[in-house]
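Single-structure report; data block below.
The values are calculated or read from the model by the stated rules, or taken from the named source; none is laboratory data. Quick caveat, the model's predicted, so the values are computed rather than measured. As a convention, Cβ positions derive from the backbone with ideal geometry for all residues, glycine included, and neighbour counts pool all protein chains shown. Ligands, DNA and RNA are stripped out before the accessible areas are found, and what is left, the full protein with its side chains, is counted by its heavy atoms. Shrake-Rupley method; radii C 1.70, N 1.55, O 1.52, S 1.80 Å.
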Amino acid sequence: MAQKKFYMQTYKIGAEVVVAVCDKELIGKTFREGEITLEVSASFYKGELVSEDEMLAALRRATVANIVGESAVRCAVEHGFVDASNILRVRGVPHAQIVWL
């Protein structure tokens with residue numbers, strides 16, 4: 001079975017390593033619920049198309065991460081990067097942020 005693919009962009013800002021990752025089918029979409037807007041912009045998220053293993057390797061190096069989508073967030077939860085109680089859902093789409101202090 002083919003491994004799920006994700007769009008991922010990595011940014012180095014000083015000492016910070018920011019990883020933005022999303023399920024590939026969400027790229028370019030915007031979700032609104034009440035006053036919350038979740039924009040999965042190509043300019044921020046669309047870097048390389050990567051495998052789950054590549055995404056996990058990047059999250060291990062990240063100091064900050066933005067993760068969007070059922071598959072990407074589920075993977076982050078399953079591998080201990082995100083606590084399931086800290087997931088925000090906008091129009092049913094999960095979003096998680098990680099900040100290592």
(request) Evaluate the relative contact order of the chain (contact order divided by residue number), counting alpha-carbon pairs under 8 angstrom at least 6 apart; express in whole percent. (result) 30
(request) Hey, could you grab the Kirkwood Rh for the stretch 1-92? Inverse mean 1/r over distinct alpha carbon pairs, Å, one decimal. (result) 13.5
(message) Per DSSP helix of 4 or more residues, -39500 (n - 2.57); summed, then divided by the residues of the chain. What does that give at 222 nm, rounded to the nearest 500?
(response) -6000 deg cm²/dmol
(request) Under a 10 Å cutoff between Cα atoms, tell me which one of I36, I67, I87 has the largest fluctuation in the Gaussian network model of the chain. (result) I36
(message) So with the 1.4 Å probe, I'd like the accessible area per residue for the chain, rounded to whole Å².
(response) 59
(request) At 7 Å along the Cα-to-beta-carbon direction for both I87 and S51, put a label point, then send me their distance in nm to one decimal. (result) 2.4
